[in-house]
Each structure stands twice: as C-alpha cells, then as structure tokens.
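The values are calculated or read from the model by the stated rules, or taken from the named source; none is laboratory data. No experiment lies behind these values; they were computed from the predicted model shown. Virtual Cβ from ideal backbone geometry, glycine too; neighbours counted across all protein chains shown. Side chains included, ligands, DNA and RNA excluded: accessible areas come from the protein's heavy atoms. Shrake-Rupley method; radii C 1.70, N 1.55, O 1.52, S 1.80 Å.
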Amino acid sequence: MQRHDSQFALSNDRYAAVLRSLAPVFFYFVVAGIVTVMLGPLLPVFIRQWNIQDSQAGILFVSNFAGQLCGALFAARNLRLSVVLGALFSAIGCAFMAWASFSTAPFALFLVGTGIGIGLTAGNIIAGTAIPALRGRLLAIVNVAWGIGAISCPLLLHAFGSINARPFLLITSAVLIASALFSIVLPPLLLEESTTKRQPEGRLPLPLPLLFFFSASMLLYIGIENSLGGWLPSYAVRINPAIQASTVTLYFWTAELIGRLLVAALVTRLGETILYRICLALLLVTTVLFCILLYPSSGGLMTLTFLSALSLAPLYPLMVSLLLAHTGTHPQLGLIFSVTTLGGAALPWLTGVISTRFHHLRAGLIVPTIAVIALIAISGTITGKPTPAQET
C-alpha cells in the first residue's frame, strides 16, 4: 500500500510539473481564444466603417480560415517554434488590421488565421502527447483556456467601446507578442516527448467512405459554429439595435464553454451516440427558429443564441472521440483536421452571399440550418461501432 501511495504521489507531482511546463501553451490558448472569435463581434463595426455588404463581409471569414488551413498543415514540424510563430503571425495580423481598409483586411486576417492554425494545432499536439495517460485531462484544460479567451473577447470589446476597434486590436497584438516570448521557455524535454511518440506513416486511417463521412461531419461542424458565432451578433443588432454585438458573442461562447464542461458528465449518463443525437436535434430546432421567427424579442434572441451554442459544444469532442475509436493515434489524422477548416471558410461566406441575395440575414442562416440537417443525415454512419479490424 505504501508503494502504491508513493507512486500516486509521484504521479500527482509529475502532473503538477507538466501543468507548470505547459503554462505558456495555456496562456497562448487564452489569447488565441480572443483572436479566434473576435471577427464576429467586430463585424458590425467593419461593415459600418467600410460600408460593405454581407457578401463582401463573408470574404473576411474566408481569408481568416484559409489562413488557418495553411497554418495547420505546417504546425507539426517544430512544435515550440510553431507556437511562437503562431503568436507572432497573429500579432502582425492584428496590428495590420488596426489600420486596414476593406481591400487590405483579407490579407491581415489571413495572417491572423495562419497564426491561429499554426499555434493551436501545435499546442494541441504538445498537450495531447506530453503524457499519454493524462491526454484527456490536459486537452480539457487547453479547451477551457481557449474558452476563457473566447468569453473574454466580447467583454474586452465592450470595455474598449464598439465605435473604434483599433485600441483592442493593438493591445491584443501586444499580448500575442508577450505570449510568443513566453512560449520560448517551453521545456525541450516536454517537446521531445511530444515528437518522439509519432507512429510511422502507413495506410489511410479509415476506409475511404468512412473517412469521407468523418471529414464531412467535422467540416460541417466548424462551418456551423463559425456561421452562427460570426453572424449572430450582426443578426441580433439588425433585429434590435439596442442589443450589443459583444453581448451576443458573450452569450454564445459562454454557452459553448458550459457545454464543453458538461460533456464528461453527460457522456457518462447518456453515452456518446445518444448525446450526439440529442445535441443535433436541439441544434436543428434553434437554427430553424432563427430562420422562421420574423421579429424575435431580445430575450428570445439571447435564449436561442445560448441554446444553439450549448447544443453545438459537445458535438466536436464527440466527433473526435468517435473518430479515435476507429483510428487510434494514426499519423495521418492531422490532414483530416486541417481539411475540415474549409468549413469555417465556406459556410460563413455562403451565409453572407445568401443574405445579400435575399436582402435579409435571416435567409442566410438557412445555410447553417441545412448543414445541421446534413449532419443528422450522416450521423448514423459515424456513430456506428468500429469493426474489430479498425479497433486494432
């Protein structure tokens, strides 16, 4: 018993040591959470400042997520350097964005997105491979850190005021530079553990049809999340000018964080498949209501925003869990995660295009609604049990 207790104490000591070692990653994820979601609450400011239409504003989302796609593809080459460069690229993009016009904003947001893609991907790899036995706990902390940043974004914007985004962007750039400097001290031993556990290259992680359905599900999820998170602030402001875009963003990302925190408890009680389908059903109800309610009240808008994000939150962790049940830690999974960021570019852009075509953002929200229906249609495929061959 004494030996068991000492091993347990040693395990706790190592866990605490790893948490301290990962502090730069956690700090970066908080700042990255702010940067990732800032376009949504800033969008009404940019639309007014540049006098652009929704279809033009959609280009901003495309630029941002195109950068994330490019960044994610190169993130695993040197993990510490990727976190440092990720913070620096986003810092340069934010500083550029402070003085950008509509013609130069896509380039600035591409830099911001490239930094996010590089840094978040590398940070997840570091946290997820530092101690395999603690992977779940460490990744949960990383996600909570990101969620804290996402919630902080609208609060900071509210503090700075909604007329001029320049002070917010410049201070965010400065904090990103501080994060880059902090990340330089990531311990080499921790990074060696993360990089030496890679498996050799092999065949595709899944049969092509199943690979397609998992990739499509993750792509659709990211597209839905960014369509709602990006456009709901503008939608609410147009329905009721008294509502602040930052308040809508705060409701959305607070609900996302709560949903992520509740995943573990709900999965234990309901199981992955049932929880996945319940969340999809609730999400469909909320998106349909956004499309059909002509004049929702302020309370109704906030309730729907909260419920949509709450039902969204468990979907991505459940998708990843279901995917890993089939594949394990396959070396080619990174490509899947990179490709799925295309959803974050395509669906928000298409939402803006449809909104402009029909002269109402409510029409544009049909895009994420159709995406939810598509997720429901293929849910039976990805929630199926892995075959014995896949389990091995």
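Worth pointing out:
- Test: residue in region 64-74 that is more than 24 Å from ALA165 (Cα to Cα) and buried (at least 21 other Cβ atoms within 10 Å of the Cβ): yes
- Positions within region 1-53 being small (Gly, Ala, Ser) and modelled with pLDDT of 80 or more, in sequence order: SER21, ALA23, ALA32, GLY33, GLY40
- Taking region 351-374 as the range and being assigned to a helix (DSSP H, G or I) and open to solvent by 70 Å² or more (accessible area, probe 1.4 Å) as the test, the residues that pass are ARG357, PHE358, ILE366, ILE370, ILE373.
- Qualifying residue in region 211-225 (condition: open to solvent by less than 40 Å² (accessible area, probe 1.4 Å), within 20 Å of ILE47 (Cα to Cα) and either in contact with a Cys (Cβ under 7 Å, 6 or more places away or on another chain) or not basic (Lys, Arg) (or both)): no
- Filter result for LEU335 (at pLDDT below 85, more than 28 Å from LEU262 (Cα to Cα), within 19 Å of the chain's Cα centre (by Cα) and in a helix (DSSP H, G or I)): yes
- Search result, residues across region 118-143 that are open to solvent by less than 10 Å² (accessible area, probe 1.4 Å) and either β-branched (Val, Ile, Thr) or at pLDDT 90 or above (or both): GLY119, ILE126, VAL142
- Test: ARG269 is more than 15 Å from the chain's Cα centre (by Cα), assigned to a helix (DSSP H, G or I), at pLDDT 85 or above and on the phi < 0 side of the Ramachandran plot: no
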